[in-house]
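Below is one structure, written out as structure tokens; the observations come after it.
Every number here is computed from the coordinates shown, using simple stated rules; none is lab data. Here the structure is a predicted model, which is why all the values come from computation and not from measurement. Neighbour counts run over all protein chains shown; Cβ positions are idealised from the backbone, glycine included.
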Amino acid sequence: MPAAAEAQALVERLTDAWNRHDAEGVAACYAADAVSAEVALTEPLRGRPAIRNSARLYMDALPDIRLETRRVIAAGDCVCQEWAVSGTHRGDLLGLAPTGRTFEVPLCRVMTLDADGLIRSDTTYWDALGLYRQLGALPALGPAGGLSEGELNPEWG
């Protein structure tokens, strides 16, 4: 089981690789046979080459992608990292043609580390709808799904 300091070092390397737009560096944070699931993908990525290729896809579509760590929580072999992700849409993004628009969305990655301190598996949760709205691919929603504050039931909190 990796120590908290090793887990912190790993997430710093991962974040740094993303911010340097280094897909190989991102993949190097994963075990060779790692499995990576993401809410926007129908199938998990399996192995470093698939993880590298996915990172490259995002880096090509969002060439100024920037990740800012908001918090890291580690317990045993599990690490949770929350990021704010921002950038400009300049290339094909999972079938969406470039819009030139900027975005910022939250992202959370829950990782299980192996004995070597590499990511054995992870699941990434991110605001895909918010991203596609900011890129103009989906309509914006009004506050509270179109309800004004006066229309909200006080019992809802």
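For the pair C78 and R66, how long in nm is the line joining their label points, each one 7 Å along Cα→Cβ?
Taking the simple label geometry, C78 and R66 are separated by 3.3 nm.
FRET efficiency for R90 and A140, Cβ-Cβ distance as r, R0 = 30 Å, nearest 0.05?
Values: r = 22 Å, r/R0 = 0.72.
Efficiency computed from Cβ-Cβ geometry: 0.90.
Cα axis of helix 48-61 to longest principal axis of the chain: angle in degrees, 0 to 90, nearest 10?
Tilt relative to the chain: about 40 degrees.
In nm, what is the difference between 0.36 nm times the number of residues separating N19 and E43 and their Cα-Cα distance? Could the numbers behind the result be given before it?
Working: separation 24, 0.36 × 24 = 8.64 nm, distance 2.53 nm.
This chain segment gains 6.1 nm when fully extended.
So how do M59, M111 line up by other beta-carbon neighbours within 10 Å, fewest first? Walk me through the intermediate numbers first.
Working: M59 19, M111 25.
Ascending Cβ contact count within 10 Å gives the list M59, M111.
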